[in-house]
Amino acid sequence: RETGFACTDSEVARGRVGIAAPVFGDGQVVAGVSLVFELARYDEAAFAAEVRRCAQAISAALETSA
């Protein structure tokens, strides 16, 4: 929770890493943005920043459309 994203390693498919960030609406988690990559191509810092940015942009859009 403190980092704003979650990461999994080979939980769904061997050799694949998943990273996800929550999308908020009305102060609650309503969805998530996620990416899955091969472990060899995974850059946690870069991917985490981008997934969080996308989730925050969607959260902001939901707030303005309400």
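Just so it is clear, none of the values below were taken in a lab; they were calculated from the coordinates. Note that this is a predicted model, so its numbers are computed, not measured. Note that we place each Cβ from the backbone using ideal geometry, even for glycine, and neighbour counts take in every protein chain shown.
Positive end of the dipole of the chain (Cβ unit charges, origin at the Cα centre): among Leu62, Gly25, Thr8, the Cα lying farthest that way belongs to Thr8.
Rounded to the nearest 20, the Cβ-based charge dipole of the range 6-65 about its Cα centre (Lys and Arg +1, Asp and Glu -1) stands at 120 debye. The listed peptides 23-30, 50-57, ordered by packing as a protection proxy, come out as 50-57, 23-30 (highest mean of other Cβ atoms within 10 Å first). Judged by the mean number of other Cβ atoms found within 10 Å, the most tightly packed of the peptides 59-65, 3-9 leads the ranking 3-9, 59-65. Here the Karplus curve 6.51 cos²θ - 1.76 cosθ + 1.60, taken at θ = phi - 60°, turns the phi angles of the range 25-36 into couplings of x, 6, x, 10, 6, 10, 6, x, 10, 9, 10, 10 Hz, with x standing for Gly and Pro. Percent of Cα-Cα pairs more than 13 Å apart in the chain, please. That tail contains 62 percent of the Cα-Cα pairs.
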